[in-house]
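Please read the structure below before turning to the comments.
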Amino acid sequence: MTEEIMAKFDEQEILELWDHRAKDWDIQVGDDGDSNRILNSDPVIWSFAGNVAGLSILDAGCGTGYLARQLYLKGASVTGVDFSAQMIEIAKFRASQNNLDIDFHLDSCTELKSLPDEQFDMIVSNYVLMDLLDLEGAIRAFNRVLKPSGIAILVFSHPCFPQGNSTTVNEDGIVSYSWASSYFERTQHNDEPWNHFTTPFIWFHRPLSDYWKVFKAAGFSVDEFEEPRITPERYHLAENDRKLFNSKTRPYSVVFKLLKVKGLHSNP
């Protein structure tokens, strides 16, 4: 199902864009994540993950490593991979600043060539899947490197409500979402730079049902699912009323907790 997207796709261009924005990305997420992660999705990650102390965890698509650092500080043995050399360089530097023994290295989530089978207790992939052309390859690779009965926690932008295509209708914050093509069609999107970024963001839309089918085909069952939103005990963390309102009302992302139910090689 990737062929429809491939005609518009330049893999080298995507890599260069992520390399170019690596420093800006580190500014965006820092040590704690950006506001969306802090207010909405990170609490779901920690709820799904539970106690990670002593676990072997892969941060797949780790970027500059903020989540890998947090996992390590909670007692996990952490490996972080990303296909951007500049992201990995920053991740290694930031870990070394704090004497954190995290294994960061260059690899693609769609293959994970550098990783052996059945190495990890858990995979966390945080806002990565929508940026990958080969979703099927990535989920098969995740299954392969997980131990039997391993867990994958996957966070990605909500495909039903693309924020890049949202328009605030009035001063009350009512939002409308527009579609230039069928929701059910797999398409490449180019979002304009936002905040302090200077380069566009290229990502790939798939309907939510496609993700579910890919997870099942790779040998996973869905254990938990959530559409993150701010909870009352975190209201005070919102920087202003607008961010609080948006976090209460906008579905920015989805989070799946998957269980490995069979090995890759048992798939037909």
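The values are calculated or read from the model by the stated rules, or taken from the named source; none is laboratory data. On a predicted model such as this, the values are computed, not experimentally measured, just so you know. Please note: Cβ atoms are built from the backbone with ideal geometry, for glycine as well, and neighbour counts cover all protein chains shown. In case anyone asks, the SASA skips ligands and DNA or RNA and just uses the protein heavy atoms, side chains included. Shrake-Rupley method; radii C 1.70, N 1.55, O 1.52, S 1.80 Å.
Determine, from the Cβ-Cβ distance of residue 242 and residue 161 and an R0 of 22 Å, the FRET efficiency 1/(1 + (r/R0)^6), rounded to the nearest 0.05.
0.80
So what's the projected area for the range 21-128, the Cα convex hull averaged over all directions, in nm²?
For the range 21-128, averaging the hull's shadow over all directions gives 6.3 nm².
For the chain, give the percent of accessible area contributed by carbon and sulfur heavy atoms, probe 1.4 Å, rounded to a whole number.
C and S fraction of accessible area: 51 percent.
Of all the Cα-Cα pairs you can form in the range 142-268, what percent are over 18 Å apart?
65
Put +1 on the Cβ of each Lys and Arg and -1 on the Cβ of each Asp and Glu in the chain; which of 112, 12, 97 then has its Cα farthest toward the positive end of the dipole?
It is 112, whose Cα lies furthest towards the positive end.
Which residue, 196, 177, 41, has the largest displacement toward the positive end of the dipole of the chain when charges sit on each Cβ (Lys, Arg +1; Asp, Glu -1)?
Projecting each Cα onto the dipole axis, the largest value belongs to 41.
Note down the magnitude of the dipole of the range 70-183 about its Cα centre, charges +1 on Lys and Arg C-beta and -1 on Asp and Glu C-beta and zero elsewhere, to the nearest 20 debye.
So the dipole magnitude of the range 70-183 works out to roughly 180 debye.
Kindly report the accessible area of the range 111-268 per residue (heavy atoms of protein chains, probe 1.4 Å, no ligands, DNA or RNA), in Å².
Spelled out: the 1.4 Å probe surface of the range 111-268, per residue, equals 49 Å².
Among 20, 236, what's the order by accessible area (1.4 angstrom probe), most exposed first?
236, 20
Which residues make up the longest stretch of the chain that has no GluC sites (Glu not before Pro) in a DSSP loop with at most 10 other Cβ atoms within 10 Å?
With GluC sites (Glu not before Pro) excluded where exposed in loops, the chain gives 1-170 as its longest stretch.
Taking Rg and Dmax of the Cα atoms in Å as the quantity of interest, determine which of [x] 17.9, 54; [y] 23.5, 79; [z] 19.1, 68 was computed from the displayed structure.
The listed entry that was calculated here is [x].
Whats the longest run of the chain with zero trypsin sites (Lys or Arg not before Pro) that are DSSP loop and have at most 15 other Cβ atoms within 10 Å?
114-261
What is the dipole size for the chain, taken about its Cα centre, with +1 at each Lys and Arg Cβ and -1 at each Asp and Glu Cβ, in debye to the nearest 20?
740
Return the loop-located chymotrypsin sites (Phe, Trp or Tyr not before Pro) in the range 134-219 (DSSP other than H, G, I, E, B) with at most 11 other Cβ atoms within 10 Å of their own Cβ; answer none if there are none.
Loop-located and lightly packed - 179, 184, 194.
If you place +1 on the Cβ of every Lys and Arg, -1 on the Cβ of every Asp and Glu, and leave all else neutral, what size is the dipole of the range 57-112 about its Cα centre, to the nearest 20 Debye?
280
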